[in-house]
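Heads up, the thing below is written out as structure tokens.
The values are calculated or read from the model by the stated rules, or taken from the named source; none is laboratory data. Small disclaimer: the values here were computed from a predicted structure and weren't measured. Every residue, glycine among them, receives a Cβ derived from its backbone with ideal geometry; neighbour counts consider all protein chains shown. Surface areas here come from the heavy atoms of the whole protein model, side chains and all, with no ligands, DNA or RNA. Shrake-Rupley method; radii C 1.70, N 1.55, O 1.52, S 1.80 Å.
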Amino acid sequence: MGALSGLKVLDLSRVLAGPWAGQMLADLGADVVKIERPVVGDDTRAWGPPYLKDKQGRDTSEAAYYLSANRNKRSLAIDFTQPQGQQSLRELVKHADVLIENFKVGGLAAYGLDYTSLQAINPRLIFCSITGFGQDGPYAQRAGYDFMIQGLGGLMSVTGRADDEAGAGPVKVGVALTDILTGLYASNAILAALAERERSGQGQYIDLALLDVQVACLANQGLNYLTTGQSPRRMGNAHPNIVPYQDFPTADGDFILTVGNDAQFAKFCGVAGHPEWALDGRFSSNAARVAHRAELIPLIRQVTVFRTTTQWIADLERAGVPCGPINNLEQVFADPQVQARGLKIRMEHPLSGELELVANPIRLSRTPVSYRLPPPMLDQHGSEVLREWLVAQ
């Protein structure tokens, strides 16, 4: 039995932020029903290539993007632009604990499926709306997409090479990070609302915006600005507050050095063959190293190029200095720690036979995450869900 066993969730969301929240709840044991448009389903089903291969090696209808965010759900196709579909959804809502949606502001009101309407038939319903900009404010009616929000919300202003370096310019993160973070905030908010419902017996409305999440997740960079009044600049792989904390070239590639305190810096200097750096007033403290970054980093680079990545990592790990390689995804899933932690899982799928997915990282001692269902095909569980949720009530 999962931690959320018995919880019933209607996931009306598409693409990534909402489905990620739904998958989180499903992994924890909730019965999550993915409500999809007939014929086409979730937009990401067509966001390929790559697509899942069938047993003969041919592309199927299931894009890898879709597979990443819809495990442990059941699919039910409903056209709620039509009265019959609206009524079917209302009947399901009567038995639901949570509803997740990411339509534009007011989009569901046209069908009588907004929070006010559904709360009237199920006062215990927790209704989570995910939009680009929230339910109010001058941008509320705009559509919001992760890439756009990464730019508007400041993330791209601190991501990319510095203006004085070759290849300078703002760069988005390589995954739709704002969507992922919004999904995680959504699942947290839903769990908080469920906990409160245990006391009050009442559901509530959750208003989550991609922009709000992105600004909140500026974290130390946001506070660097609020503290100084100066916008942080792009620094490539360097850290604004810690030195040395970035990538360095080696004889056969690159590695990452993450010195977190002065003691670690002294150990690094010993391994590098320059113990005098730790005694130099310009470099003896982190504040001094930040101030003299432009002098220290070239000195380190001149040293690191004379050993291989493997040699540096081995030497520094023996000395207790945090460091690591820069892996591609093939190397990630071949890494012994990744394998030991079981971060790649296999599930049976009706089209491919076997499907590989990325595991959920949560480890619960008594109610562990379970992998019960592969990402569903469109309307795969339609009659089953209606029978279980409605007929059996």
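Here are the numbers for this structure:
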{"quantity": "Euclidean distance between Cα centres, the stretch 200-215 to the stretch 25-103, Å", "calculated": "22 Å"}
{"quantity": "Contact order normalised by residue count of the stretch 102-202, Cα under 8 Å, 6+ apart, percent", "calculated": "24 percent"}
{"quantity": "Accessible carbon and sulfur surface of the stretch 212-356 relative to its total accessible area, %, 1.4 Å", "calculated": "54 percent"}
{"quantity": "Between helix 17-27 and the chain: long-axis angle, C-alpha atoms, 0 to 90°, nearest 10", "calculated": "80 degrees"}
{"quantity": "Hz values of 3J(HN,Hα) by residue in the stretch 260-277 - Karplus curve (6.51, -1.76, 1.60), Gly and Pro given as x", "calculated": "x, 7, 5, 5, 5, 5, 4, 5, 4, 4, x, 5, 6, x, 9, x, 5, 4"}
{"quantity": "Between 0 and 90°, nearest 10: helix 177-200 axis offset from the chain longest Cα axis", "calculated": "50 degrees"}
{"quantity": "Relative contact order [Cα under 8 Å, 6+ residues apart], the chain, whole percent", "calculated": "19 percent"}
{"quantity": "From the coordinates shown, Kirkwood radius over Cα pairs in Å corresponds to which of [x] 21.1; [y] 22.4; [z] 23.9", "calculated": "[z]"}
{"quantity": "J(HN,Hα) series, the stretch 220-231, from Karplus relation 6.51 cos²θ - 1.76 cosθ + 1.60, nearest Hz, glycine and proline x", "calculated": "5, 5, x, 6, 4, 5, 5, 6, 10, x, 10, 5"}
{"quantity": "Relative packing of peptides 278-288, 200-210 - highest average C-beta neighbours within 10 Å first", "calculated": "200-210, 278-288"}
{"quantity": "Nonlocal amide H pairs with GLY29, under 5 Å, H built at 1.01 Å", "calculated": "LEU4, SER370"}
{"quantity": "For the stretch 357-369, 3J(HN,Hα) per residue [Karplus equation, 6.51 cos²θ - 1.76 cosθ + 1.60, θ = phi - 60°, Hz, x = Gly/Pro]", "calculated": "9, 8, 6, 6, x, 6, 10, 10, 6, 9, 10, x, 4"}
{"quantity": "For CYS128, residues with placed amide H under 5 Å, excluding near neighbours", "calculated": "LEU99, ILE100, GLU101, ILE206"}
{"quantity": "Nearest 10 degrees, 0 to 90: helix 293-304 Cα axis against the chain principal axis", "calculated": "80 degrees"}
{"quantity": "Solvent-accessible area per residue, Å², over the chain with all protein chains present [probe radius 1.4 Å]", "calculated": "49 Å²"}
{"quantity": "Contact order normalised by residue count of the stretch 27-85, Cα under 8 Å, 6+ apart, percent", "calculated": "43 percent"}
{"quantity": "For the stretch 149-194 versus the stretch 218-276, the gap between their alpha-carbon centres in whole angstrom", "calculated": "20 Å"}
{"quantity": "Cα→Cβ-extended label distance, 7 Å offset, between GLN230 and TYR139, nm", "calculated": "2.6 nm"}
{"quantity": "With every protein chain in place, the stretch 92-139: carbon and sulfur % of accessible area (1.4 Å)", "calculated": "50 percent"}
